[in-house]
1. Of the residues Arg36, Arg56, Arg120, Arg83, which is in contact (Cβ under 8 Å) with a residue 40 or more places away in the chain and either open to solvent by 20 Å² or more (accessible area, probe 1.4 Å) or touching a Phe, Trp or Tyr at 6+ places or on another chain (Cβ under 7 Å) (or both)?
2. Go through (1) closer than 30 Å to Leu152 by Cα; (2) over 21 Å from the mean Cα position of the chain (by Cα) for Gln82 and report which single condition fails.
3. Looking at Ile90, is it open to solvent by 70 Å² or more (accessible area, probe 1.4 Å), farther than 22 Å from Gly117 by Cβ and out of contact with any Ser or Thr (no Cβ under 6 Å at 6 or more places or on another chain)?
4. Run down Leu75, Leu102, Leu40, Leu57 and say which single residue is in a helix (DSSP H, G or I), of a type outside the set (Asp, Glu) and either at pLDDT 90 or above or touching a strand residue (DSSP E or B) at 6+ places or on another chain (Cβ under 6 Å) (or both).
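The values are calculated or read from the model by the stated rules, or taken from the named source; none is laboratory data. Computed from a prediction, not measured in an experiment: that's the story for all the values here. No Cβ is skipped: glycine too gets one built from the backbone with ideal geometry, and neighbour counts run over all protein chains shown. When the accessible area is computed, the model is the full protein with side chains, heavy atoms only, and any ligands, DNA or RNA have been set aside. Shrake-Rupley method; radii C 1.70, N 1.55, O 1.52, S 1.80 Å.
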Amino acid sequence: YGAKAAAQLARERAMAQRQEADGKLRQVREEEIEIRQKSLLFTQLQGRGIIGQEQRLEWVELLKEIRDQRRLIDLQYEIAPQRVVDGKPIGSFSFHSSTMKLQLKLLHEEDLTRLIGDLRRQARALIRVGSCDLTRPPAAAAERGDGQANLLANCDIDWLTLQDARKDSR
């Protein structure tokens, strides 16, 4: 009877060890899947230019390209110096923002929504619209035939990039 009880106890210990090993293996597999997904996302964000140094020259060229494609009447911009966005870093990365003041003369408001949509799809940065004010041009400008603009837009757009915070502290 003693040998049977000892064998039963050894069996239970072996089953518990097996269950523990199965649990650890399952956890490792889940972590592997998570790492692959995060690696893929990182690669996609890096390919879109969201991760890495900002590409101001590309942004300016993209604006000119959209202006020409969309046949916008007038587009003026000014980009403020880059700043670190407040908040905790994500791992070893921190968000950086460059605010662009954008002035446009528009035929109609859809020109503005198309421009913002194009920027969001094509820009090598994450685009966040802070504000956009639409106004009608003064009557005197309309009478002079000032570029046929029916609306004036003044927007603040943040161009966000994710950069290695360790490089910032060197």
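1. Numbers: Arg36 fails: in contact (Cβ under 8 Å) with a residue 40 or more places away in the chain; Arg120 fails: in contact (Cβ under 8 Å) with a residue 40 or more places away in the chain; Arg83 fails: in contact (Cβ under 8 Å) with a residue 40 or more places away in the chain.
Of Arg36, Arg56, Arg120, Arg83, the one residue that is in contact (Cβ under 8 Å) with a residue 40 or more places away in the chain and either open to solvent by 20 Å² or more (accessible area, probe 1.4 Å) or touching a Phe, Trp or Tyr at 6+ places or on another chain (Cβ under 7 Å) (or both) is Arg56.
2. Every condition holds for Gln82 apart from (2).
3. Values: open to solvent by 70 Å² or more (accessible area, probe 1.4 Å): yes; farther than 22 Å from Gly117 by Cβ: yes; out of contact with any Ser or Thr (no Cβ under 6 Å at 6 or more places or on another chain): yes.
It is true that Ile90 is open to solvent by 70 Å² or more (accessible area, probe 1.4 Å), farther than 22 Å from Gly117 by Cβ and out of contact with any Ser or Thr (no Cβ under 6 Å at 6 or more places or on another chain).
4. On the way: Leu75 fails: in a helix (DSSP H, G or I); Leu102 fails: in a helix (DSSP H, G or I); Leu40 fails: either at pLDDT 90 or above or touching a strand residue (DSSP E or B) at 6+ places or on another chain (Cβ under 6 Å) (or both).
Exactly one residue qualifies, and that residue is Leu57.
One line per residue, one yes/no per condition, for (1) under 30 Å from Asp118 (Cα atoms); (2) of a type outside the set (D, E, K, R):
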{"position": "Ala6", "(1), (2)": "no, yes"}
{"position": "Arg13", "(1), (2)": "no, no"}
{"position": "Gln27", "(1), (2)": "no, yes"}
{"position": "Glu31", "(1), (2)": "no, no"}
{"position": "Ser39", "(1), (2)": "yes, yes"}
{"position": "Gln46", "(1), (2)": "yes, yes"}
{"position": "Ile50", "(1), (2)": "yes, yes"}
